[in-house]
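J.: What follows is a structure written as structure tokens; I'll ask about it next.
The values are calculated or read from the model by the stated rules, or taken from the named source; none is laboratory data. From a predicted model like this one, the values you see are computed outputs, not experimental measurements. Backbone-built Cβ (ideal geometry, glycine too); neighbour counts: all protein chains shown.
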DNA sequence: TGAATAGTGTCTGTGAGACAATATTAT
DNA sequence: ATAATATTGTCTCACAGACACTATTCA
């Protein structure tokens, strides 16, 4: 039989959370960037790779496996604040673009106890920040082979190559949401392969109707570089004229030029943050 | 100083969740539908309204205010399972379309303690289910006036009219995500006005590139009815030929006709769940 | 000079916006 | 007959895909 209360104050004074069982909650970040790899041919542009930041776990569970940066949220911070704190602590990255991605909540996703993960997608310009990264964190280049039912992903950070396979099934015939399932994974902790795939899909989708891509490049860039970024994220080649038409309204030409390659120099552009008049 | 462990088993045996402070977690559902209102003119179609399901709170906090159906998640169920359980318990609705919307986590959103809300967007065909609804739940027709900075929303269930105002600011210039802020609200519990707005935006957006709208109508429908559904969700009139072109690939003509209105009868269509060959 | 990227021109087909026109019913 | 919805036809404009062409640099 429940006690009767006559006011909210009275009720709140009596309320005791500890009587109820509660899950733990972490905030994890799927941080993406695009990295350039040096070229031996002086004429060619440096090849670009889509990459994700992973952290080596120092403690149990999943000790010595790679995982997304993340940690338990504190009672006096939001999950986004927790994400920013964790990024600063584990990787030394500050002021990154973050957007809430998904809350993962499978019952057995953590062997310790019931843990929910509020996962964020983050985007940064890797080149600005590379040297300041803490040693336990590492950027992995992503190669993803996709078919209708699965993703075969290879991650490479220069020293180590990781592979995993994630299956996908449409949740309902009327929607675009997938149920992801980890089919093969030996090197990544928790259900983080799912988070990586979700993040990749989110980014692929949003790159076409928002300007989030500009969080992944420097202030000045050539249209060729920008196009490369789109191409590695979308996983396909784009036609130059079409790309330039699409991007035209989002960028502003500057009077700077980029020279030095064995080819025609190119104009440096900036992101046009004002909406056109 | 932390104890050293030599295996995951050993670590897990020692792990004691209760040492750590944890938030509580609820699962809430922003359930939408489209309702028809009878017409006095025998010629005219019944007017359609976009509507949301609210529940009157029986207990503190926010006793007697309206809120989204929801409740605390249990340790042996996912948030989606919790959402389905709660919908069955509070409203007597089963087998509804659900999709995870957002996790709301402002620190003071619940006066009892720190409570996160994993919020789902749900879609149903109201007409099929109307009579079975529990009495504490009620459908409210939504009228929303929007400008660049705010939503002025009026909710009406026939007996009661509720108003609230939610402000919006773009989170980052590169994205489409808004920070919502409740500017005026006397009748709705928690931060649920934000969830309602988020759900409306999500639905508006996804209606154009998925088939989720078919969760909101019956098996057989006329194209005029379907167009009305799009119109109330998008909040604008559509041109008939354009609408028919867009929808053509998603529906199949049946040999049934709808007659009875003072006008040309119309063909009844079905959702085409197979992709075209 | 040649390989490579930068940048532009233009044709074509698709598809949305706009508006007009015809069809059919119940009162 | 008339008001209302159902359905189709068609013109135009915007834009993406495709391909060709020119421009410019440095070893």
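J.: Go through region A:125-157 and give me each residue that's within 27 Å of residue A:95 (Cα to Cα) and within 14 Å of chain B (Cβ to nearest Cβ).
T.: A:125, the sole residue that qualifies.
J.: Further question: Please go through region B:82-112 and pick out each residue that is surrounded by fewer than 16 Cβ atoms within 10 Å (Cβ to Cβ) and facing another protein chain (nearest Cβ under 9 Å).
T.: The answer is B:106, B:107, B:111, B:112.
J.: Would you mind listing the strands (runs of 3 or more DSSP E) fully within region A:4-74 where at least 3 residues are more than 14 Å from chain B (Cβ to nearest Cβ), surrounded by 12 or more Cβ atoms within 10 Å (Cβ to Cβ) and in contact with a strand residue (DSSP E or B) (Cβ under 9 Å, 6 or more places away or on another chain)?
T.: A:24-37, A:47-56
J.: Give me a count of the residues in region B:34-43 that are within 13 Å of DNA strand C (Cβ to nearest atom) and touching a residue at least 40 places away in the same chain (Cβ under 8 Å).
T.: The qualifying residues number 2.
J.: Are any residues in region B:129-177 assigned to a loop (DSSP other than H, G, I, E, B), more than 22 Å from residue B:34 (Cα to Cα) and under 20 Å from the mean Cα position of the chain (by Cα), and if so, which ones?
T.: B:176, B:177
J.: On to the next question. Looking only at region B:174-199, count every residue that is free of Cβ contacts under 8 Å to residues at least 60 places away in the same chain and under 15 Å from residue B:31 (Cα atoms) and tell me the total.
T.: Here the count works out to 2.
J.: Look through A:128, A:179, A:194 and report the one residue that is loosely packed, with under 15 Cβ neighbours inside 10 Å and either closer than 30 Å to residue B:74 by Cβ or touching a helix residue (DSSP H, G or I) at 6+ places or on another chain (Cβ under 8 Å) (or both).
T.: Exactly one residue qualifies, and that residue is A:179.
J.: Here's another thing I want to ask about it. Out of all the residues in region A:218-229, which are away from DNA strand D (no atom under 15 Å from the Cβ) and either on the phi > 0 side of the Ramachandran plot or assigned to a strand (DSSP E or B) (or both)?
T.: Of everything in region A:218-229, just one residue is away from DNA strand D (no atom under 15 Å from the Cβ) and either on the phi > 0 side of the Ramachandran plot or assigned to a strand (DSSP E or B) (or both), namely A:221.
J.: Continuing with this model, one more query. So which residues in region B:113-124 are within 9 Å of chain A (Cβ to nearest Cβ) and part of a loop (DSSP other than H, G, I, E, B)?
T.: B:113, B:114
J.: Condition first: within 11 Å of DNA strand D (Cβ to nearest atom), touching a residue at least 24 places away in the same chain (Cβ under 8 Å) and over 17 Å from residue A:220 (Cβ atoms). Now tell me which residues in region A:235-277 satisfy that.
T.: Listed by number, the residues that qualify are A:249, A:262, A:263.
J.: Considering only region A:253-262, I want to know if a residue exists there that is at pLDDT 95 or above, within 14 Å of chain B (Cβ to nearest Cβ) and not in a loop (DSSP other than H, G, I, E, B).
T.: No.
J.: So residue A:232 passes all but one of these: (1) touching a residue at least 12 places away in the same chain (Cβ under 8 Å); (2) more than 9 Å from DNA strand D (Cβ to nearest atom); (3) in contact with a helix residue (DSSP H, G or I) (Cβ under 9 Å, 6 or more places away or on another chain). Which condition number does it fail?
T.: (3)
J.: Just the residues that are within 14 Å of another protein chain (Cβ to nearest Cβ) and assigned to a loop (DSSP other than H, G, I, E, B), please, taken from region B:178-217.
T.: B:189, B:190, B:191, B:207, B:208, B:209, B:210, B:211, B:217
J.: Of the residues that make up region B:80-97, is at least one without any contact (Cβ under 8 Å) to a residue 40 or more places away in the chain and part of a strand (DSSP E or B)?
T.: no
J.: Residue B:117 is checked against (1) surrounded by 20 or more Cβ atoms within 10 Å (Cβ to Cβ); (2) out of contact with any strand residue (DSSP E or B) (no Cβ under 8 Å at 6 or more places or on another chain) and fails just one. What number does that condition carry?
T.: The single condition residue B:117 does not satisfy is (2).
J.: Search region A:222-248 for residues being within 14 Å of another protein chain (Cβ to nearest Cβ) and either more than 13 Å from DNA strand C (Cβ to nearest atom) or in contact with a strand residue (DSSP E or B) (Cβ under 8 Å, 6 or more places away or on another chain) (or both), and hand back the single one that is nearest to residue A:35 (Cα to Cα).
T.: A:229
J.: Let me ask something else. Tally time: how many residues in region B:256-277 are more than 9 Å from DNA strand C (Cβ to nearest atom) and under 26 Å from residue B:42 (Cβ atoms)?
T.: 6
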